[in-house]
Structures are given as structure tokens and as C-alpha cells.
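Everything below concerns the one structure shown next.
Where a number appears in this text, it was derived from the coordinates with a stated rule and is not lab data. Because the structure is a prediction, the values reported are computed rather than measured. Cβ coordinates were reconstructed from backbone atoms using ideal geometry, including for glycine residues, and neighbour counts include every protein chain displayed.
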Amino acid sequence: MTMPDPECYDLHMRRLFLISTLFFLAARVFASSSQAYQDYLYQFDQYRQKSTDFSVAKNEYEKFGTLTSQTTAFQKTVDVLSQRDNLLRAYLLLLNEKLNESPGAASTDRNLYLSLVRNEVTFLESHRKLVDAIGSLDDAKTASGNLESHYNALSASIRQTIAGIALDGLLRLASQFDQSLSDSKVLIVTNHGLFTPEKQSTLDRWVLQITNTRSLAQQKIDDAKGKSLLLSSLNPDQQNDLFSDIKKNLAQGKQYLLDGSSNLRELVEAMRYQDEYGR
Amino acid sequence: MADSFIFTPRESPQPRVESRHQQTVSIVVAIVTIMLLGGLSFILYSRFTKQLQPVVTAPIPLPTIIAPSPVRQIPAVATQSAFLRLDSSVASLTGAISAYSVEDPSLSPPVLEVPLPIPR
């Protein structure tokens, strides 16, 4: 019986370790975003509960005005303000994990969105300290106002990040589309002599048409990207309207890519067969 | 005159003695005649009392013309590995684009009560 080669054994073990590590890291990334989502749902549930308790306590205090009802209202106010921060923080962490899962995002774009999220998390952490220091209902009003004055910027950052994640998905598909179009062009050029002149002319015409469709898709993607940069300067209602426009542009971009990929399919089929006339 | 009203019996004919064979033949002829008449009656009855049914003519089969299916020649380019890779990538691309969703429902931001109506 021959002994195994130690060098070969070592090489195989290293490969196995590397593959296992990569698999573990990939699983951890996807587990992170689903874990973040579960945490967000939990915080949202807690917020709804505390919001209801706050409303009840507030109504009782406004109705009876007793010291007991005032104390309860104060406590419930602190709870809901604290939970509001927890909820927003959990949501921002979810966005963070989703950004980390987007492999196609250009590093500059991803860094932009990550910094937006990080800034908001930093703000919430400082706001949490303000909430912890609340001593009266007046303090609570001040602390709440602090978040509310920042809310425009917060919701703009959130919408910008969501748009960025959606844009990243579409850009990844556009990149795959470009690769397939480029490969088909290379095939047509390389096999120039194998096609009849008629067929060659048809293929060239179709490639031009597909390229035009791709340009239209890019136009819509660029429109969406440009609009997402304007979100921070708007109030919440205007942000909602612009965000709807951004989604519409992305949907139009997707449709153009879909039409283009269908045309690519036709191009491939035309290259695959010759008809009975040899075309 | 009274004599004209006297009934004079006619002489009865002498009985004929038929043979057995002749009797059998007569019976058979009678039976056959009855059957024929009965069958004819039945046919006439069923023909005139039955409702006319639509006449269904069997479709006349057309002569099958076997046309040759068009022969599609596969050019050399279709057997190249680059072409096969392209074919596969275009198929998966179409599926990926179709599956892409502009809006991820899990990323819908939370709806908060802002400003919070804090009691004085």
C-alpha cells in the first residue's frame, strides 16, 4: 500500500478549507440580511404596540389630568420615542445588509449609499442619548422635535438607498446584456464568410436595432439615477412623487432590456439555422 | 210461380281427395305468403311512421398529400462552443430580466407618526 503524497494532501486540504470558508461567508451574508429583516419586523411590532399604549395613556391624561395618568403618559412617551429610534435603526441596518449583498454595485455608488446609511445610524445613536436623558414631557417634546426636524433628510437618504439597490440590480442585468450583445457581434464578425450576403445584412441590421434598444434602456437608467440625487432637497410629499417617477423609469428600463433580450434570442436563432433558400 | 221460390239444393261437388304432398306444399306456400305479406307490411309501416332522420354522409377522405417538411440546415457556426455559450447566456438573461422586480417589498420603509402628538 502506497502512502499518500503529503504535498498533494496539503494542497487538497487547503482547497477544501478555502471552499468551506467562502461557502460559510456567502451563507453568512445571506443569513445577515434575513436576520436583519426578522429583527426589523420584531422592532416594528414592538413600535406598533408601544404606539398604541402611548395613544391610550395620552388620551387618559388629557381626559383625567391626574398625576398618575401624567406619569403613565410620560413613561409611555419615553417608551415610544425610544422604540421609534430602535425601529429606524433596525431598518437602516437592513438596508446596510442589502447593500452588502449587492455584488454588482460600483464601489463609488455603494460607498455613497453606505455612507448615507451610516450617517443616519450615527444621528439615531446621538438621538437615543437625548431620549435616555428625558426628564419631563417638555424634554420629550424637544427630543421628538429633534428627530422630526431631521426626518426629511432621513427619509430622503432611505429613498435614495432603496433606489440605489434597485438601480444596482438593473445595472447588473444591463451589464450581462452588454456581454451577450458583444459576444454575438464577435460571432457574426468571426463567421462572416459562413453567412450569405442577405443573411449577413439581416444580422447586421438586427444588431443595430438591439443596440438602439439598449441605448433606450440606458437612458431610463440614467434618468432614474439623476432623479434619485434630487431627493434630499425635497419635502416628504415631493419625495414620494419623485420616488414614484424613479420606479417608473426603472420599470421602463427593465422593459427595454426585456425587449432587447427577446431580440437577442431571435438573433441567436437566425444564426443557428439556414432556411431552405440557404439564407 | 210458387215453384220459383222453392229452393232446390244444388248438388254438392264430389269431395276431392288431396295427396299428402300437395297438402304440405299448400301449407308452405301459405306460410311463405303470410310471412311475405307481414314483412312487407312491417316495412311499409316503419317507413311511413318513423321520423325522417338526417342523412349523415360519411366524409369523403381527401387524398393525403405528404408534403416534405422544410429541411433546415445547421450552419457550422451553430456547432461552435462560443455560439453554445451565447445561446445559454441569452436564455438565462431573459429569465433574469423577467424575474427582476423594481420594488423589493421587504425594503418598504416604516410608516411613522411624525410629529408625535406629545401631551403637554
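Computed over the Cα atoms of the range A:114-183, what is the convex hull's projected area averaged over all directions, in nm²?
5.4 nm²
Please enumerate, by chain and number, the lysines with C-alpha under 30 Å from the C-alpha of A:Lys220, excluding those fewer than 8 residues away in the same chain.
Correct list for A:Lys220: A:Lys98, A:Lys185, A:Lys247, A:Lys248, A:Lys254.
Rank these for me by crowding, B:Phe83, B:Phe42, A:Phe54, going from fewest to most other beta carbons within 10 Å.
Exposure proxy ranking, most exposed first: B:Phe42, B:Phe83, A:Phe54.
Between the range A:144-166 and the range A:208-279, what is the separation of their alpha carbon centroids in Å?
After rounding, the separation between the Cα centres reads 27 Å.
Shielding by partners for B:83-92, please: the mean number of other protein chain Cβ atoms within 10 Å of each residue's Cβ.
That average works out to 6.
Could you put A:Asp241, A:Asp168 in order, starting from the residue whose Cβ has the fewest other Cβ atoms within 10 Å?
Fewest-to-most ranking of A:Asp241, A:Asp168: A:Asp241, A:Asp168.
Once the other residues with Cβ under 12 Å from the Cβ of B:Leu86 are scored (Lys, Arg +1; Asp, Glu -1), what is the net sum?
Cβ neighbours under 12 Å give a net charge of +1.
Please rank A:Arg84, A:Arg172, B:Arg20, fewest neighbouring Cβ atoms within 10 Å first, as an exposure proxy.
Arranged by neighbour count, lowest to highest, A:Arg84, A:Arg172, B:Arg20 become B:Arg20, A:Arg172, A:Arg84.
What lysines could a cross-link reach from A:Lys63, if we take a straight Cα to Cα line under 18 Å and drop same-chain neighbours fewer than 8 places away?
A:Lys76
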